[in-house]
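One structure below.
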Amino acid sequence: MKLTAAEEKLSHGKVSDENLKKEKAPILPPSVATRYRLAVIMDGLIRGENSLGTVQAELKRIRDDALTTHDLKVEAGYLLTLVEKMEALQKTANAQSAKNKECAKEGDELKKAYDQLKKENDDIKKEAELLSYKLKKLEQIHIETEKRRGTQ
């Protein structure tokens, strides 16, 4: 009964109420023992206690076990295929995450360079405005000087 209740919860992606690993594995017929092993594997996976490599090894043992019934071998094979796909997706996600971190770091460096260039550009504009103002003042002084010379 505990196994059926645990399987029902696990099939919905929820952690079982019973910690299946803590209890001793009962002496069961091979098919029920395999169901129990599958429930323990899935419980550990959902709880986050098992790594994908551990789950793969266990599922391969179940799939290759001579005493396991055909339908449970097929189920273990299906689960194994899904776990392998999950592992491949996890590797891809990790690689993408590393690439994203590199891009973010590069983006930060570019932003710093942009800010520095913008500051330099603003400084040059201010200097150009100041020089333009000084030039206008010098022109006005020159014009005033020429007018005074012309009147003398």
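In the set 79, 28, 10, 3, which member is modelled with pLDDT of 85 or more and either surrounded by 10 or more Cβ atoms within 10 Å (Cβ to Cβ) or aliphatic (A, V, I, L, M) (or both)? Working first, answer last.
Numbers: 28 fails: modelled with pLDDT of 85 or more; 10 fails: modelled with pLDDT of 85 or more; 3 fails: modelled with pLDDT of 85 or more.
Sole residue among the options that is modelled with pLDDT of 85 or more and either surrounded by 10 or more Cβ atoms within 10 Å (Cβ to Cβ) or aliphatic (A, V, I, L, M) (or both): 79.
Name the residues in segment 44-53 that are within 16 Å of residue 10 (Cα to Cα), part of a loop (DSSP other than H, G, I, E, B) and not acidic (Asp, Glu), would you? First the steps, then the outcome.
Narrowing segment 44-53 to residues within 16 Å of residue 10 (Cα to Cα): 44-50.
Subsequent filtering for residues that are part of a loop (DSSP other than H, G, I, E, B) retains 48-50.
Passing the criteria: 48, 50.
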Residues of segment 54-92 being without any contact (Cβ under 8 Å) to a residue 12 or more places away in the chain, part of a helix (DSSP H, G or I) and not charged (D, E, K, R), in sequence order, are 54, 57, 70, 74, 78, 81, 82, 88, 89, 92
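The values are calculated or read from the model by the stated rules, or taken from the named source; none is laboratory data. Source: prediction; values computed, not measured. Every residue, glycine as well, gets a Cβ built from its backbone with ideal geometry; the counts of neighbours run over all protein chains shown.
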